[in-house]
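*Asks:* This is the structure, below, for whatever I ask next.
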Amino acid sequence: MTGNRGLWHWLTTTDHKKIGKLYGVTALAFFVVGGVEALLIRLQLATPNGEILSADAYNQMFTMHATTMVFLVVMPAAAALTNYFLPILIGARDVAFPRLNALSYWIFLFGGLFLTLSFFVGGAPDGGWFGYAPLSTQVPEVVRMDYWALGLLVLGLASVLSSVNFITTVLTLRAPGMTLMRMPVFAWMATVVSFLLLFSLPIITIGLLQVYLDRNLGTAFFSAAGGGDPILWQHLFWLFGHPEVYVLVLPAMGIVSEVLPTFSRKPLFGRPFVIFSGIAIGFMGFGVWAHHMFTAGLGPVAEAAFALTTMFIAVPTGVKIFNWLGTIWGGSLRLKTPMLFSLGFIFLFVIGGLSGVTHSIAPADSQQHDTYYVVAHFHYVLFGGAVFGLFSGVYYWWPKVTGKLLNERIGKLHFWLMFIGMNLTFAPMHILGLNGMPRRTYRYAEGLGLDLWNLVATVGSFTIAASVAVFFWNAYRTAKRGEVAGNDPWDGRTLEWSISSPPPEHNFDVVPVVHSEDDFWHRKYTEDASGNAIPLAASAQADPGHPETIHLPSPSYYPVLSAAGIFVMVVGLVYLPWGLSVVGGGAVVTLWGLFGWSMEPLTREDHG
Amino acid sequence: MIASGHAGVVSILAASPEDQELFVVERQMNGASRRRSVVMIVLAALALAACAGDDPTNLARVVGGDVPQNSLNPAGPTAAKVDSLFWMVLWIATVIFVLVTLALVFVVFRFRERKGRSRTVRQLHGNTRLEIAWTIIPAVILAAVAVPTISTLFEIRAAPDPEDNALEIEVIGHQWWWEFRYPEYGFTTANEMHIPTGRPVYLTLTSADVIHSFWVPRLSGKRDAVPGRLTNILMEADEPGTYIGQCAEFCGLAHADMRQRVFAQTEAEFAAWALAQTEPAALPTEGAAAAGWETFQTQCTSCHAISGTSATSQLAPNLTHFASRTSFAGATLDNTDDHLRQWLRNPSSLVPMWPERNDLAAGRILGMPDLGLTEQQISELVAFLRTLE
């Protein structure tokens, strides 16, 4: 292999680990963008009648903050870890469709760039990340919401493709002996997430297409005057949008389920229950969407039904929390940074989960709905939950990916700053919401009693920003002079710790044969009669295998080419009718890419 | 952007006697709020000295209390039912939170690995009885909570009992103001709703453009106003007073400035108000006001209505009794001559709007345009509007 680092290499790579890194770097870059948007929002709201942003700019900021954090940060960050570790965790050498994997990434990247482009051509989307019709279809001559609808369509395509890929990988590429129930919980949650995306994205796809058609072709799917129904959009959006919440948080739950056992020196307590509760959350997640619509006038019977389903989704969530407590109970807890983030996750997620239960009380939700109380709730779930879980995974797997350990002292500073900042920012929002502050308001009047807690929240948001800066400093410092990690720095339990850090391109010299769950731990320890862990003598040198004979997927530039064509197409679709010629140009590029792809020889002659 | 300052005082002087009284009550509430008032008055003086601007959005003067939109301070039966249900659930949630957090903190301290003291760890894989217990116990708690939830839900969503003689009001959301129609009396007003105390009020909501949400937290939870659909709120105010709220569903550019005021009055006061509102406007016949009416007919009637005249358009607030209102522009601005002048010079300077995107034929109104009025026309229009008692 030559040119391992050049731009061309990265553009054409089909290695799941490199694609994982691409996802990760992109997610971090957008994390900074979405964070700056959040800081601008908080600056505007620091005082009554803030004048940092105009109403127009503010509406763009909150729309893009949510869109960015959901679709361009949390989802790709989870995709980064899934890409990198799912194959390794199940003992595979790559995903099932490596070129499709590359295509997913490039479509995602171009979708993100397309959304970002809107800032420079007349303003970003300003109708909310939820794009309620008919507001989102009201002014077709201003193309901001076309960027939003088409951008989400493109990002959805990327997610569907990678879901198909992950599901196939899990179903077909597990190592010998890696039964489904022996799969690490992170792999399980990635699988559940893939199914959620596969079933929920088609729903939003139809909805987004209808928004686009209402705006551009004068259809009236969501126009009451034209015989359509604005509420239909809400059903379509939330039938996707609520499973999407679990798409964001289940990977974090998977990470926590890996980190807690490792740093407690104990297996996951109630493993099958943790897995099945994850599956149950996935199923139930499709039956609770209308709790986002408790004020829309569905009628008390429908509201009662969705209040019930929403309440009871708390049960499998609770099962997970209790099993995590059972896992650390009686363990030998090493409070390293990954562990701190996982413990922080539990604490914050309990708060977010319980405030979620208060939303399921439909009459109470008639007061809380669309207020800062809701903003507080879902930031406890998505920041305290998803982001803390993802950072736990980042600190946990960083040494495996880079070969170097992130600095512990700086990591702990990062954790505590983020933990304090998170609570300073979002806890006061509960009070603000109950005190009558609606969401998505670019200013609030004096005399409403909202001044103090808004100022506190703004101070908190800058504390979070400082913690993120600390993380980047840690990453930079580690790259310069980090401690070398070795293969197994945490005394890990799963297969990724059995290979070198960073892993070789083919992951495993010899495909492992799995004998139990936590297979790698069982190569290092045994249990005596009463279940105590007894270290084993280091085993004999493993079979070195014949890495030079391993078949690896060849690089290909067709995925990035096909994705670039899609980007050109959607740019053209914004500017109908003259944009049609641009659409045609993009279609040619994509078809060229897909055709070349299908003609590409499966094995290169020059390899091996 | 809007000229802002801290001149709440100016607004107090302009407010109605009732409002002043409420303001005095608030002043007496506690030392902290008094200190804050002193600071505010100093700031107000400074702001006045600096630019003679004022803060049109300060709501402290409108209504008593430090937190006038507090959803936990119910002033009527609907809000009270929701409030007690919320507190019950909040207490249960708090107990669970404290127990789980205590368990978490205990485990972390109890089982923390200490330097140089490694110990063997028993590899516990699970316990089916525990799993069953912590599945069933939360389910039972939730089932218990579900009972009052659903009964309260059906209570607050019920239509009024015909015997209660509920007052019906039609609420129509517009970008960015509220239209209130009183079918029982046959008049229409905007942004400020008057209701009698001790009598249920049944709101029927819809929207003329995008989705809005009517929310006066102390009286009831919110309800969306959806184009093409009718939704309802059944509410009641226990005591006379001013209750404020604002649109709760994001409705575009000036969503934050779409406010509403509800004045709860005794039955007699309400009846007097309603009777006055039912009267057609008495048009001025001489002076500046009459000249203002001429200007109004050429500049304003394609959107605004004044009942009893040829001005009948429903696109913008009905101005028949404009001078009887305490506020305008989505109840964001106090109804003072200064605000009116500034508004007539350039409406978008006070509240962000997009009049350039108006499409009257399609009924799409995104703000009042700058009409390019002369100062004299503005004075005459203000004089005219002041006659609309």
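*Asks:* Quote to one decimal, in nm, the extra length available between B:L99 and B:L124 on full extension: 0.36 nm per residue of separation minus the C-alpha distance between them.
*Replies:* Length gained, B:L99 through B:L124: 6.7 nm.
*Asks:* Where in the range B:230-318 are there GluC sites (Glu not before Pro) that are in a DSSP coil and have at most 12 other Cβ atoms within 10 angstrom of their Cβ?
*Replies:* Hits after loop and neighbour filter: B:E286.
*Asks:* What is the mean projected area of the alpha carbon convex hull for the range A:12-542, to one decimal in square nanometres?
*Replies:* 24.7
*Asks:* How high is the relative contact order of chain A, in percent, counting Cα pairs under 8 Å that sit 6 or more residues apart? Could you put the intermediate results ahead of the total?
*Replies:* Working: 1003 pairs, mean separation 104.2, N = 608.
In percent, rounded to a whole number, it is 17.
*Asks:* Continuing with the same structure: Share of Cα-Cα pairs in the range A:99-253 beyond 19 Å, in percent?
*Replies:* On the way: 7070 of 11935 pairs.
Pairs farther apart than 19 Å: 59 percent.
*Asks:* Then there's this: Where nothing but the Cβ of Lys and Arg (+1) and of Asp and Glu (-1) is charged, how large is the charge dipole of the range B:221-326 around its Cα centre, in debye to the nearest 20?
*Replies:* It works out to roughly 360 debye.
*Asks:* What is the mean number of Cβ atoms from other protein chains located within 10 Å of the Cβ atom of each residue in peptide A:443-456, rounded to a whole number?
*Replies:* Across A:443-456, the average partner-chain Cβ count within 10 Å equals 6.
*Asks:* Could you go through the range A:158-175 in sequence order and give the Karplus-derived ³J(HN,Hα) for each residue, using 6.51 cos²θ - 1.76 cosθ + 1.60 with θ = phi - 60°, rounded to whole Hz, and x for Gly and Pro?
*Replies:* Coupling constants for the range A:158-175: 4, 5, 4, 4, 6, 5, 4, 5, 5, 4, 4, 4, 5, 6, 10, 10, 5, 5 Hz.
*Asks:* Let me ask another. Quick check on the protein assembly as shown: helices-only [θ] at 222 nm, where DSSP H runs of length 4 and up contribute -39,500 (n - 2.57) each and the sum goes over total residues. Nearest 500, please.
*Replies:* -18000 deg cm²/dmol
*Asks:* Going by amide H atoms built from the backbone, whose H comes under 5 Å of the H on B:R364, apart from near neighbours?
*Replies:* Residues meeting the amide H criterion: B:D359.
*Asks:* Could you check the simple spin-label distance between A:W8 and B:N346, using points 7 Å along Cα→Cβ, in nm with one decimal?
*Replies:* Modelled inter-label distance: 5.8 nm.
*Asks:* According to a simple spin-label model (label point 7 Å from Cα along Cα-to-Cβ), what is the distance in nm between B:E279 and B:R357?
*Replies:* 4.1
*Asks:* Further question: Specify which residue in the list A:I255, A:F595, A:L113 is farthest towards the positive end of the charge dipole of the protein assembly as shown, using unit charges on the beta carbon of Lys, Arg (+1) and Asp, Glu (-1), about the Cα centre.
*Replies:* A:I255
*Asks:* Let me ask another. Principal axis extents for the range A:562-608, Cα atoms only, whole Å, descending order, please.
*Replies:* On the principal axes, the range A:562-608 reaches 50, 13, 10 Å in Cα extent.
*Asks:* Also, I was wondering about something else. Label 7 Å along Cα→Cβ of B:T298; the range B:335-372 residues with amide nitrogen under 14 Å?
*Replies:* Residues B:371-372 fall inside that zone.
*Asks:* About its Cα centre, how strong a charge dipole does chain A have in debye, to the nearest 20, once Lys and Arg get +1 and Asp and Glu get -1 at the Cβ? Could you put the intermediate results ahead of the total?
*Replies:* Values: 31 positive and 34 negative charges, 216 e Å.
Dipole magnitude for chain A comes out near 1040 debye.
*Asks:* Just to be sure I understand the curve: with the Debye formula and one point per C-alpha of the range A:1-144, what is log10 I(q)/I(0) at q = 0.14, 0.16 Å⁻¹?
*Replies:* Those come out to -0.76, -0.89, one per q.
*Asks:* In angstroms, what radius of gyration and Dmax does the range A:334-385 have, counting Cα atoms only?
*Replies:* 13.2, 44
*Asks:* A follow-up question, please. Could you tell me how many cubic angstrom of Cα convex hull volume the protein assembly as shown has per residue?
*Replies:* 171
*Asks:* In whole Hz, what ³J(HN,Hα) sequence does the range A:480-486 give by Karplus (6.51, -1.76, 1.60; θ = phi - 60°), x for Gly and Pro?
*Replies:* Per-residue couplings from phi come out as 6, 8, x, 6, 5, 7, x Hz.
*Asks:* Please give the FRET efficiency for B:R364 paired with A:L43, using the beta carbon to beta carbon distance and R0 = 25 Å, rounded to the nearest 0.05.
*Replies:* On the way: r = 33 Å, r/R0 = 1.30.
After rounding, the FRET efficiency stands at 0.15.
*Asks:* Quick check on packing: order A:234-242, A:520-528, B:220-228, B:299-307 by the mean number of other C-beta atoms within 10 Å, highest mean leading.
*Replies:* Listed from highest to lowest mean packing, they are B:220-228, A:234-242, B:299-307, A:520-528.
*Asks:* Moving on to the next point. What does the structure give for B:355-366 when I average, per residue, the other chain Cβ atoms found within 10 Å of the residue Cβ? Before the final figure, lay out the partial values.
*Replies:* Values: counts 0, 0, 4, 0, 2, 0, 0, 2, 1, 2, 0, 2.
Counting other chains' Cβ atoms within 10 Å and averaging over B:355-366 gives 1.
*Asks:* Projecting each Cα onto the charge dipole of the range B:287-385 (Lys/Arg +1, Asp/Glu -1 at the beta carbon, about the Cα centre), which of B:G367, B:S348, B:A289 comes out farthest on the positive side?
*Replies:* Sorting the options by dipole projection puts first B:G367.
*Asks:* Of B:V147, B:V82, which has the most accessible area with a 1.4 Å probe, and how do the rest follow in descending order?
*Replies:* B:V147, B:V82
*Asks:* Considering amide H positions built from the backbone, and no H for Pro or chain starts, which residues 5 or more places from B:I244, or on another chain, come under 5 Å of its amide H?
*Replies:* Under 5 Å from the amide H of B:I244 lie the amide H atoms of B:V262, each far enough along the sequence or on another chain.
*Asks:* So between B:E239 and B:A143, what do we pick up on full extension, going 0.36 nm a residue minus the alpha carbon distance?
*Replies:* 31.0 nm
*Asks:* Give the distance, in whole Å, between the Cα centre of the range B:270-294 and the Cα centre of the range A:482-516.
*Replies:* Each part's Cα centre sits 85 Å from the other's.
*Asks:* I'd like the per residue volume of the convex hull spanned by the Cα atoms of the range B:166-275, given in cubic angstrom. Kindly include the intermediate steps, with their values, before the conclusion.
*Replies:* Details: hull volume 9.1 nm³, N = 110.
Roughly 82 Å³ of hull volume per residue.
*Asks:* Please pull out the direction-averaged projected area of the range B:287-385, using the convex hull of its alpha-carbon atoms, in nm² to one decimal place.
*Replies:* That works out to 6.1 nm², a quarter of the Cα hull's surface.
*Asks:* Okay, next question. Say the cut-off is 27 Å between C-alpha atoms; which of A:K18/A:K480; A:K18/B:K115; A:K412/A:K480; A:K21/A:K524 go over it? Walk me through the numbers on the way to the answer.
*Replies:* Numbers: A:K18/A:K480 21 Å; A:K18/B:K115 38 Å; A:K412/A:K480 19 Å; A:K21/A:K524 30 Å.
Beyond 27 Å between Cα atoms: A:K18/B:K115; A:K21/A:K524.
*Asks:* For B:A190, enumerate residues with amide H under 5 Å from its amide H, sequence gap 5+ or separate chain, H modeled in the peptide plane.
*Replies:* Excluding prolines and chain starts, which carry no amide H, the hits are B:F180.
*Asks:* Express in nm, to one decimal, how much length is gained between A:D451 and A:I206 on full extension, taking 0.36 nm for each residue of separation and deducting their alpha carbon distance.
*Replies:* Contour length minus the Cα-Cα distance gives 84.0 nm.
*Asks:* Roll a 1.4 Å probe over the protein heavy atoms and report the accessible area of B:R119 in Å², nearest 10.
*Replies:* Using a 1.4 Å probe on the heavy atoms, I get roughly 110 Å².
*Asks:* Using a basic spin-label model with each label point 7 Å from the Cα along Cα→Cβ, how many nm lie between B:A159 and A:N532?
*Replies:* My value for the distance between the label points is 7.5 nm.
The values are calculated or read from the model by the stated rules, or taken from the named source; none is laboratory data. Here the structure is a predicted model, which means the values were calculated and not measured. Don't worry about glycine lacking a Cβ; one is built from the backbone with ideal geometry, like all the others, and counts go over all protein chains shown. Heads up: the accessible areas ignore ligands, DNA and RNA and are worked out on the full protein's heavy atoms, side chains in. Shrake-Rupley method; radii C 1.70, N 1.55, O 1.52, S 1.80 Å.
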